[in-house]
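Before any comments, here is the structure.
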């Protein structure tokens, strides 16, 4: 009997060891990629951001995509956006930003409202919104729900319409009782780093990511439990969220320029960018050849030109 009890304890011991290793790995990630900007508390949540550029320049808000943080677009676009007053935001729940009350029942609508309140806290009356991938969906929500706070938008490789694809199994698994917690704390911090490298290559295909990309954009921050859960919750209901808002895009009257590539295999341009550009009152699609899901890294000037054109049209 004692022997059988000892055997039964092995799985529990393995889970405990995995959780300890995961905790230590998450702490090492935080030490390697500490917060490097400022915090503002809005709606009970601390939001992490960088603020760059001349104080009297046009305001620009940059929203990164899923699994990322503010360093991803900043690495590519900081030099090209040097003449603007730019808010590089860790979207709520990701990077070093929090979500209010743990982020239960989080939606793009709630995120857009919190981001708008952040602009108020930073004394920014209105801004042009630059959104990447899933961040573009949030940018659209900000423009729809708070048009008085936005001059227009630039969308890069945007995810805009429902049926973007089924969420990966691990996003649903993360939300399961007990098993999800074990998976998030014991498995993801330990096994996740290899997935970041392969995922980055897939996103950039058919080109290669920049050298040291994963490290330079602090991508390992997504492997911490809170950030992983927040991102998984977004992706688990991505099609529901997009279905709820895509019928409203025609309400947007601000100028919007979409920068995308026909080679994007993460978010298909013909399904997302093409019809939405046609549906917008002041929409325009600019295609970049030979790129994948992240054209802003090798074509920062094209993105900067789109931003300048949106600002000029808004005036």
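The values are calculated or read from the model by the stated rules, or taken from the named source; none is laboratory data. Note that the structure is predicted; figures quoted are calculated from it, not measured. Heads up, the Cβs are rebuilt from the backbone with ideal geometry, glycines too, and the neighbour counts pull from every protein chain shown.
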Inset, instruction - Assess whether residue 36 counts as being closer than 14 Å to residue 221 by Cβ, without any contact (Cβ under 8 Å) to a residue 60 or more places away in the chain and either loosely packed, with under 15 Cβ neighbours inside 10 Å or in contact with a strand residue (DSSP E or B) (Cβ under 8 Å, 6 or more places away or on another chain) (or both). - result: yes
Inset, instruction - Taking residue 148 as meeting all but one of (1) without any contact (Cβ under 8 Å) to a residue 24 or more places away in the chain; (2) over 30 Å from residue 253 (Cα atoms); (3) surrounded by fewer than 19 Cβ atoms within 10 Å (Cβ to Cβ), write down the number of the exception. - result: (2)
Inset, instruction - Please enumerate the residues belonging to region 215-225 that are crowded, with 16+ Cβ neighbours inside 10 Å and under 24 Å from residue 261 (Cβ atoms). - result: 217, 219, 222
Inset, instruction - Determine whether region 292-315 contains at least one residue that is assigned to a loop (DSSP other than H, G, I, E, B) and more than 29 Å from residue 207 (Cβ to Cβ). - result: yes
Legend entry - Out of 178, 164, 142, 154, sole residue that is at pLDDT below 95 and either within 27 Å of residue 270 (Cβ to Cβ) or buried (at least 16 other Cβ atoms within 10 Å of the Cβ) (or both): 164
Inset, instruction - From (1) over 18 Å from residue 64 (Cα atoms); (2) touching a residue at least 40 places away in the same chain (Cβ under 8 Å), pick out the condition that doesn't hold for residue 278. - result: (2)
Legend entry - Filtered residue count, region 64-83, keeping only those that are surrounded by 20 or more Cβ atoms within 10 Å (Cβ to Cβ), on the phi < 0 side of the Ramachandran plot and assigned to a loop (DSSP other than H, G, I, E, B): 7
Legend entry - Failed item in (1) farther than 24 Å from residue 214 by Cβ; (2) at pLDDT 95 or above, with residue 297 passing the rest: (1)
Legend entry - Of residues in region 210-236 being touching a residue at least 12 places away in the same chain (Cβ under 8 Å) and not in a helix (DSSP H, G or I), the one nearest to residue 188 (Cα to Cα): 224
Inset, instruction - Test each condition in (1) under 26 Å from residue 163 (Cβ atoms); (2) surrounded by 22 or more Cβ atoms within 10 Å (Cβ to Cβ); (3) in contact (Cβ under 8 Å) with a residue 40 or more places away in the chain for residue 188 and report the one that comes out false. - result: (1)
Inset, instruction - Hey, could you check region 202-214 for residues that are within 17 Å of the chain's Cα centre (by Cα) and more than 13 Å from residue 297 (Cβ to Cβ) and say which is surrounded by the most Cβ atoms within 10 Å (Cβ to Cβ)? - result: 214
Legend entry - Residue in region 94-104 that is over 13 Å from residue 61 (Cβ atoms), part of a helix (DSSP H, G or I), out of contact with any helix residue (DSSP H, G or I) (no Cβ under 7 Å at 6 or more places or on another chain) and without any contact (Cβ under 8 Å) to a residue 40 or more places away in the chain present: yes
Inset, instruction - Kindly indicate whether residue 128 is within 27 Å of residue 308 (Cβ to Cβ) and in a helix (DSSP H, G or I). - result: no
Legend entry - Matching option when the condition is closer than 22 Å to residue 58 by Cβ, touching a residue at least 12 places away in the same chain (Cβ under 8 Å) and touching a helix residue (DSSP H, G or I) at 6+ places or on another chain (Cβ under 7 Å), among 139, 80: 80
Inset, instruction - Would you confirm whether any residue within region 256-269 is closer than 17 Å to residue 128 by Cα and in a helix (DSSP H, G or I)? - result: no
Inset, instruction - Quick one: residue 228 ticks every box in (1) at pLDDT 95 or above; (2) over 24 Å from residue 58 (Cα atoms); (3) crowded, with 21+ Cβ neighbours inside 10 Å except a single one, so which number is it? - result: (1)
Inset, instruction - Read through the list (1) in contact with a helix residue (DSSP H, G or I) (Cβ under 9 Å, 6 or more places away or on another chain); (2) assigned to a helix (DSSP H, G or I), then give the number of the only condition that residue 86 fails. - result: (2)
